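Each remark here refers to the structure printed beneath this line.
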Amino acid sequence: MKEFRNMAFPYVIWIAVMIVAPMLLILLYAFTTAGNDVTTFHFTLENFTRFFSDMVFLEVLRRSLFIAIITTVICIVLGYPIAYIIANSQIKHQVRLILMITIPTWINMLVRTYAWMGILQDNGLVNQILGFFGIGHVTLLYTDFAVILGMVYNFIPFMILQIHASLTKMDKSYLEAASDLGADKVQSFLKITLPLSLPGVISGITLVFLPAVSSFFIPKLLGGGQYVLIGNVIESQFLTSGDWNFGSAISVIMAIIIMFSMYLTKKVDKDESAKGGDTV
């Protein structure tokens, strides 16, 4: 047992230096006045008051949550059928299809987002195809559509993989029993497949919603800079305005929202698992 503790020691040090220490610094800056000299710090709630008293920041937060929710819903609507088809394919085909889903994620997300800029721009691939069919020019870049498209493209693999894992772990004997009892495919899906796959859906929601709500370079690139989400505000406070205290306060607010979202999804997951166990 002592050997295992010794083996974990380097990881504890890494976590303390790379995760705990930065988080403590963010908390320190969030609850103190401006300045980098520790001896001049004074405790204050002014940074949080400033955020919640300014309608501009609240509107940015509302828009960020809205975009993240829309992105998550689209990923569920598109990702579930894809995961279902893959899970019901032959094993050798499943490997190839999963590779098709995961290979794009091997490329840096920033590079993939830049690629979408080229596709969606005025003389990009989409407008060239539309022009070939005689359809007029359509403005796609620097719009809500472009931002949501970029987020869905980058985050949907997480949804597909989580749902696929949940579907492949499902005991197929339940479906056979449902068929023997006279249930058709639709009834079997609604009563068995869907409830048993909900843990994967909920895990996918967590993996999509959390990065979507805090994303900053996707709206910056595909939104043209004028499309500001909460991640862009935090970035500007640290890199442009130099107001680390206010930027840290916004980061703490987002961390609370994210932890609350994780708590809700975990609670729903437990409730659905209990219901699924009772049903089966």
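Remarks
- Test: Asn245 is over 21 Å from the mean Cα position of the chain (by Cα), surrounded by 15 or more Cβ atoms within 10 Å (Cβ to Cβ) and under 24 Å from Tyr29 (Cα atoms): yes
- Scanning segment 217-267 for residues that are out of contact with any Pro (no Cβ under 6 Å at 6 or more places or on another chain) and among the hydroxyl-bearing types (Ser, Thr, Tyr) gives Ser236, Thr240, Ser241, Ser248, Ser251, Ser261, Tyr263, Thr265.
- Lone unmet requirement of (1) touching a helix residue (DSSP H, G or I) at 6+ places or on another chain (Cβ under 8 Å); (2) farther than 26 Å from Met117 by Cα for Ile160: (2)
- Screening Tyr227 against (1) among the aromatic types (Phe, Trp, Tyr); (2) over 23 Å from Asn88 (Cα atoms); (3) modelled with pLDDT of 85 or more leaves a single unmet condition, (3).
- Contacts under 9 angstrom Cβ, first residue in segment 98-125 being without any contact (Cβ under 8 Å) to a residue 40 or more places away in the chain, partner polar (S, T, N, Q), 6 or more apart: Gln121/Asn127; Asp122/Thr139
- Matching residues in segment 196-232 - criterion: being of a type in the set (S, T, N, Q), within 16 Å of the chain's Cα centre (by Cα) and not in a helix (DSSP H, G or I): Ser215
- Any hit, segment 59-70, residues being of a type outside the set (Val, Ile, Thr), modelled with pLDDT under 90 and exposed (fewer than 12 other Cβ atoms within 10 Å of the Cβ): no
- For Leu141: the one exception among (1) more than 21 Å from the chain's Cα centre (by Cα); (2) over 18 Å from Thr72 (Cβ atoms); (3) without any contact (Cβ under 8 Å) to a residue 60 or more places away in the chain: (3)
- Some residue of segment 173-187 being crowded, with 16+ Cβ neighbours inside 10 Å, touching a residue at least 24 places away in the same chain (Cβ under 8 Å) and in contact with a Leu (Cβ under 9 Å, 6 or more places away or on another chain): yes
The values are calculated or read from the model by the stated rules, or taken from the named source; none is laboratory data. As the structure is a prediction and not an experimental result, all values here were calculated from the model. Cβ coordinates were reconstructed from backbone atoms using ideal geometry, including for glycine residues, and neighbour counts include every protein chain displayed.
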